[in-house]
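Peer 1: Just passing along the structure, written as structure tokens.
The values are calculated or read from the model by the stated rules, or taken from the named source; none is laboratory data. Because the structure is a prediction, the values reported are computed rather than measured. Positions of Cβ are backbone-derived with ideal geometry, glycine not excepted, and every protein chain shown enters the neighbour counts. Ligands, DNA and RNA are excluded from the accessible area calculation, which covers all protein heavy atoms including side chains. Shrake-Rupley method; radii C 1.70, N 1.55, O 1.52, S 1.80 Å.
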Amino acid sequence: MRHHLLAALVTAPLITFGVGTGPATADSVPALDVPAAVPAPAAVPAPPAVPVAPAAPAVPAAGSGAVHYAALGDSFASGSGAGNYDPFSGLCRRSGNSHPILWARNHRPDSFEYDACGGAVTEDVVKNQIPDALDDNTTVVTLTIGGNDADFESAIVKCVVVDSDSDECNRVLDRSGRFIDQVLPGKLAWTYGAISESAPQAKVFVTGYPHLFELGRSLGCGVAEWRRQRMNLLVDHLNTVIEEQAEKSGFRYVDVSAAFAGHGVCAPGGIQREWVNRIVPSDAWQSYHPNKRGQYWGYLPAVTAAIG
């Protein structure tokens, strides 16, 4: 997400996100920080432990069998919110706990270009990330993009962070919904076309976004249920359009909603069950993004299963 309004409203320094200082490699980021199994209330069993480096399944590759992986997209791909940031990634805030880094560490591709950047929109992917990361040798691409184009940050600010009235919240959500319907399909088609042109041999995996919130009563939640429900419906709307455009381009859509179910903000059992950050006043750009549990337990298994 763009983070500008959110940062100002929770008193953190205003941060402007650009394209960062350059791509990362699997060995240039901080060491892997694997989350422990998520604590659970007595009535709910904790998820089983996951090995740090499970046996690598077969990976799609071009003729020689070499795997050349590129990870593109916004803050959900760069790992904003997951901690353990690569100091050389600048304001892109690429995390050593992000799912692209975790996948690359587990599968050891022959090369890895990591250009995902917090705050990116489709134009950033086309004009900056694709030229830097993709070429004729690229065999695997993962991409998460579209949330910033649809101005999800304004929706979070107006409906969650500030005490806005219901009319203002609904106006912002409706505006994002119209953009998703009327403008975003063309932007995604343009982006996907640029990927196909730059990496014609690649298999492309387009990830969606998780629900940021759980519904129902939750101790200390602080966000009205109707607002949480509308935010989740907007995510569903966005994911539907992303999936449609990905399939039209011959790409594989990777759904993460099921993996995150029960682990959004306001999850029963409290913050220890949540895979999405609440407000982080000291570093507002981390707010309402997957934490390291969300990247490891949510995104990574979905992406790994899809790539095969």
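Peer 1: Does GLY216 qualify as being assigned to a loop (DSSP other than H, G, I, E, B), under 25 Å from THR304 (Cβ atoms) and in contact (Cβ under 8 Å) with a residue 12 or more places away in the chain? Please lay out each step first, then the result.
Peer 2: On the way: assigned to a loop (DSSP other than H, G, I, E, B): yes; under 25 Å from THR304 (Cβ atoms): no; in contact (Cβ under 8 Å) with a residue 12 or more places away in the chain: yes.
Criteria not met by GLY216.
Peer 1: Condition first: modelled with pLDDT of 90 or more, within 21 Å of ARG108 (Cα to Cα) and open to solvent by less than 40 Å² (accessible area, probe 1.4 Å). Now tell me which residues in region 62-87 satisfy that.
Peer 2: Those that are modelled with pLDDT of 90 or more, within 21 Å of ARG108 (Cα to Cα) and open to solvent by less than 40 Å² (accessible area, probe 1.4 Å): ALA66, VAL67, TYR69, ALA70, ALA71, LEU72, GLY73, ALA77, SER78, GLY79.
Peer 1: Can you find a residue that is in contact with a strand residue (DSSP E or B) (Cβ under 8 Å, 6 or more places away or on another chain), open to solvent by 10 Å² or more (accessible area, probe 1.4 Å), touching a residue at least 40 places away in the same chain (Cβ under 8 Å) and outside any helix (DSSP H, G or I) anywhere in region 173-196?
Peer 2: Checking region 173-196: not a single residue is in contact with a strand residue (DSSP E or B) (Cβ under 8 Å, 6 or more places away or on another chain), open to solvent by 10 Å² or more (accessible area, probe 1.4 Å), touching a residue at least 40 places away in the same chain (Cβ under 8 Å) and outside any helix (DSSP H, G or I).
Peer 1: Further, regarding this structure: Would you call VAL157 at pLDDT below 95, in a helix (DSSP H, G or I) and either hydroxyl-bearing (Ser, Thr, Tyr) or in contact with a helix residue (DSSP H, G or I) (Cβ under 7 Å, 6 or more places away or on another chain) (or both)? Steps first, please.
Peer 2: Numbers: at pLDDT below 95: yes; in a helix (DSSP H, G or I): yes; either hydroxyl-bearing (Ser, Thr, Tyr) or in contact with a helix residue (DSSP H, G or I) (Cβ under 7 Å, 6 or more places away or on another chain) (or both): yes.
The answer is yes for VAL157.
Peer 1: Something else now. Quick one: which of PRO100, PRO109, PRO131 is at pLDDT 95 or above and either under 21 Å from ASN277 (Cα atoms) or open to solvent by less than 10 Å² (accessible area, probe 1.4 Å) (or both)? Don't jump to the end; show me each part of the working.
Peer 2: On the way: PRO109 fails: either under 21 Å from ASN277 (Cα atoms) or open to solvent by less than 10 Å² (accessible area, probe 1.4 Å) (or both); PRO131 fails: either under 21 Å from ASN277 (Cα atoms) or open to solvent by less than 10 Å² (accessible area, probe 1.4 Å) (or both).
Result of the check over PRO100, PRO109, PRO131: PRO100.
Peer 1: Kindly evaluate ILE130 against the criterion of being farther than 24 Å from GLY81 by Cβ, among the aliphatic types (A, V, I, L, M) and assigned to a helix (DSSP H, G or I). Let's see the steps before the verdict.
Peer 2: Details: farther than 24 Å from GLY81 by Cβ: yes; among the aliphatic types (A, V, I, L, M): yes; assigned to a helix (DSSP H, G or I): yes.
When the stated conditions are applied, ILE130 passes them.
Peer 1: Would you please name the residue that is nearest to HIS289 (Cα to Cα), looking only at residues in region 219-272 that are in a helix (DSSP H, G or I) and among the basic types (Lys, Arg)? Before the answer, list the steps.
Peer 2: First pass over region 219-272, keeping only residues in a helix (DSSP H, G or I): 225-248, 257-260, 271-272.
Narrowing the set further to residues that are among the basic types (Lys, Arg) leaves 227-228, 230, 248.
Details: ARG227: 17, ARG228: 15, ARG230: 17, LYS248: 28 Å.
Going through the qualifying residues, I end up with ARG228.
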